[in-house]
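Note sheet for the following structure.
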Amino acid sequence: MKKLKNVRTAALDGLLAIEKNQAYSHLLLHSLIEKNDIRPKDIGLLTELVYGTLQRKLTLDFYLSPFLKGKKKIEDWVRLLLWMSLYQMVYLDRVPDRAVLFEAVEIAKSRGHKGIASFVNGILRNIQREGLPSIEDIEDDFERISIQSSTPIWLVRRFAEQYGLETAEKICMSHLLPPNQTARVNLNKTNVHELINRLKIEGIEATAGELAPEAIKVLKGNVAKSESFQKGYMTIQDESSMLVAKALDIQENEHVLDSCAAPGGKSTHIAEMLSNTGKVVSLDLHEHKVKLIEGQAKRLGLPNIETKTLDSRHVANHFPVHSFDKILVDAPCTGFGVIRRKPEIKYTKTERDIKALSNIQKEILDAVAPLLKPGGILVYSTCTIDQEENSEVIKSFLAKHQEFTHDEKLVDRLPKKVKDYISFGQIQILPHYFGTDGFYISALRKKV
């Protein structure tokens, strides 16, 4: 039991850090594993407890609330402990309730006092005896979807306004599914078949991807720790994200600007497609993030990437007009397409953030537009599914920049599987379509 207690205590520490300090779940998990010396076989449970509780916290609070009626205000850590315990009781069949209750009481004793331990024990035993309230009894559709998918109701309404209620429900429920671990094969060094065999020797099970031709899907093991990764045979990247570089129609010897490049996944993909010719100029606002791009380029063996710490809204001060054959604006966004990987996003982002980010996105597009050569392609992409940050941004840009038009040939450059979702040179991938991240891509061509 001792090691399980360590895992659950570490998970509670992580949930508190996310709740109080708005720590990023994916970054926090690595530090929790190292700080608490979690054994490899226990990492899965730690990940499940942190992500599962975080993903379903509105649902868990709905289940818990009737049992807290009339109780005085409880401390944050106690509420999180109850959520985490309830998550295990409801969603983890392999963990018996008696073990959940025992560990919850032990943690309550060590963090608080006997009174809190008795309180936690009493609440959980009441839930065992009386059962959970029914979500299906909620009459309002928006509220039902909100509680069922643990999505703030304003976001449910927003998705419903943009995509319809049925699709909104599919989007929200898909955020509860575990994300696929996928990687992009560095075709300058190997191919999909060879890499799958190489990983098999390393004890990692993988298969060919389903969306992007250079993708592999990891079924078992951690490729980030593999020798193949260290030697630059691949980059960890979602399959929908791999479509962005393809949208640029990269040709050898071209000069390409990646205006918001960190951590470097798309820059390195572009550089690989250039086959050690031409140049990718990769910009980011923060120096420490620029170093991430440089580290990726070095690991993958890509000498044709040039980095610069720069706010892309000020590119006119650093590059002459018509400097680039292709330009990518993978813009900062709310990230509503990657909620599976970062569940805290759905609780922390607001409509004010959407408005502020859409303004920044427009400013970046306005700034880079003069740098593109006539006839060149500008690709705008985001990992969000909100139309105000996507199609509305492009609509606004085209109204202001008559020298650009939708690139209808985008359909010829992307895989057959996504062709039905492409129209007017743009595609919006929703997370339930292919089990990938949600992603938006728009290709624009500058008139000659």
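Worth pointing out:
- Any hit, segment 80-87, residues being of a type outside the set (S, T, N, Q), surrounded by fewer than 17 Cβ atoms within 10 Å (Cβ to Cβ) and assigned to a helix (DSSP H, G or I): no
- Complete set of residues in segment 231-261 that are out of contact with any Phe, Trp or Tyr (no Cβ under 9 Å at 6 or more places or on another chain) and either of a type in the set (Val, Ile, Thr) or at pLDDT below 95 (or both): ILE250
- When LEU372 is tested against the conditions (1) under 18 Å from the mean Cα position of the chain (by Cα); (2) over 18 Å from VAL338 (Cβ atoms), the lone failure is (1).
- A search for C-beta distances below 7 Å between a residue of segment 207-218 that is in contact (Cβ under 8 Å) with a residue 40 or more places away in the chain and closer than 17 Å to HIS432 by Cα and any residue that is open to solvent by less than 20 Å² (accessible area, probe 1.4 Å) and among the hydroxyl-bearing types (Ser, Thr, Tyr), counting only pairs 6+ apart in sequence or on different chains, returns LEU211/SER240; LEU211/THR436.
- Condition met for PRO133 (of a type outside the set (D, E, K, R), in contact (Cβ under 8 Å) with a residue 60 or more places away in the chain and surrounded by fewer than 16 Cβ atoms within 10 Å (Cβ to Cβ)): yes
- Set ILE127, ILE116, ILE171: member being assigned to a helix (DSSP H, G or I), farther than 19 Å from PRO66 by Cα and either touching a residue at least 24 places away in the same chain (Cβ under 8 Å) or open to solvent by 40 Å² or more (accessible area, probe 1.4 Å) (or both): ILE171
- Restricting attention to segment 360-374, the residues that are touching an Asp or Glu at 6+ places or on another chain (Cβ under 7 Å) and farther than 14 Å from GLU403 by Cα total 1.
- Verdict on LEU176 being in contact (Cβ under 8 Å) with a residue 60 or more places away in the chain, surrounded by 17 or more Cβ atoms within 10 Å (Cβ to Cβ) and touching an Asp or Glu at 6+ places or on another chain (Cβ under 6 Å): no
- Residue under evaluation THR182, criteria (1) surrounded by fewer than 18 Cβ atoms within 10 Å (Cβ to Cβ); (2) in a strand (DSSP E or B), criterion not met: (1)
- Check on ILE354, of a type in the set (A, V, I, L, M, F, W, C) and crowded, with 21+ Cβ neighbours inside 10 Å: no
- Summed over segment 278-331, the residues that are open to solvent by less than 60 Å² (accessible area, probe 1.4 Å) and assigned to a strand (DSSP E or B) give a count of 14.
- The test for being modelled with pLDDT under 95 and either charged (D, E, K, R) or farther than 30 Å from VAL448 by Cβ (or both) does not hold for PRO332.
The values are calculated or read from the model by the stated rules, or taken from the named source; none is laboratory data. Bear in mind that the values here come from a model prediction, so they are computed numbers and not experimental data. Backbone-built Cβ (ideal geometry, glycine too); neighbour counts: all protein chains shown. We work out accessible area using only protein heavy atoms, side chains counted, and drop any ligands, DNA or RNA first. Shrake-Rupley method; radii C 1.70, N 1.55, O 1.52, S 1.80 Å.
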